[in-house]
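Single-structure report; data block below.
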């Protein structure tokens, strides 16, 4: 069953699911905040933090047992090449990370969610807690997990300067992400106008996670569905979702929220930036008339260096050599091979033209 909200205990429900059936898991488990007393804001009002019953445990041992149980359930249903994201605060993330490794997960990254608008430390007794940590892991060390690297670069737009970059020039995404804590219109309210959930996560963060670590049509699971933000991100990006939540009230409002989401086909949703280009050979481009047997090959601003053979190799110093080895030899570099498409030019209309550009013209023509 996919694209559904399941009202039930996450461990019980996951244990009912088939093994190796889920592509991606995002888990926002209870943090076991261990808050005591009443915190006051500067103006004297009570701070409404997380004191929900679902976040309360009797002891460290009971929290560890709960954590191991749900992580083992996740590990069983995750596909061999699937991955999991888990978020937590400083109260729990080290416990969770240790248990994840004991269960068998292989850690890829830890990511810092740097909150743009963190809650102040009202008592002034310690540093302002302005971040949470996410752990990204795979089912095993050998998992061939999805990572849409170039899509991640396109989403790396935390600053005004980065937003001004053109496609393909943005920087590699790092492990510190800046998002605001949910507030204003993003924060879900119940029918009485009260905050629905104490720890609702920003949609932008979940969209990023789903976009970079899954593909269209994949199944995304959240065992602690809450306000169903993971499901919203999945549906918006064309993934399937399974949300598990034990609180009926959260399910009610979460289902309504999901019903209003529409999939929008975008390059991000399709991970088009990570699509591998059509593989073509020099021989077929010669046959198609994009290159010509006997024509000269140049480096930028050079005299003719080699000539093209009918089999796609280059004639250089009395021998037929593949263009990549020839580029390295002719340039006198220590590497055995260079990517010839980055170095060779041919004459077109009296001007030196990169053979890489001609290859792109051929790819476009072939796809039409």
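Quick notes on this one:
- Subset of region 203-224 (residues that are part of a loop (DSSP other than H, G, I, E, B) and in contact with a helix residue (DSSP H, G or I) (Cβ under 7 Å, 6 or more places away or on another chain)): 216, 223, 224
- Reported count of residues in region 76-88, each being in a helix (DSSP H, G or I) and either surrounded by fewer than 20 Cβ atoms within 10 Å (Cβ to Cβ) or under 17 Å from the mean Cα position of the chain (by Cα) (or both), is 1.
- Per this entry, residue 181 is not counted among residues that are exposed (fewer than 13 other Cβ atoms within 10 Å of the Cβ), under 24 Å from the mean Cα position of the chain (by Cα) and part of a loop (DSSP other than H, G, I, E, B).
- Any hit, region 205-221, residues being farther than 19 Å from residue 262 by Cα and crowded, with 22+ Cβ neighbours inside 10 Å: yes
- Test: residue in region 222-244 that is in contact (Cβ under 8 Å) with a residue 24 or more places away in the chain, more than 27 Å from residue 8 (Cβ to Cβ) and either over 16 Å from the mean Cα position of the chain (by Cα) or outside the structural domain of residue 144 (by TED's automatic domain parsing) (or both): no
- Any hit, region 153-171, residues being surrounded by fewer than 17 Cβ atoms within 10 Å (Cβ to Cβ), modelled with pLDDT of 80 or more and either closer than 26 Å to residue 118 by Cβ or outside the structural domain of residue 89 (by TED's automatic domain parsing) (or both): yes
- Considering (1) crowded, with 17+ Cβ neighbours inside 10 Å; (2) in contact (Cβ under 8 Å) with a residue 40 or more places away in the chain, the lone condition that residue 308 does not fulfil carries the number (2).
The values are calculated or read from the model by the stated rules, or taken from the named source; none is laboratory data. Remember, predicted model here, so these are calculated numbers, not experimental data. Note: ideal-geometry Cβ built from the backbone for every residue, glycine included; neighbour counts use all protein chains shown.
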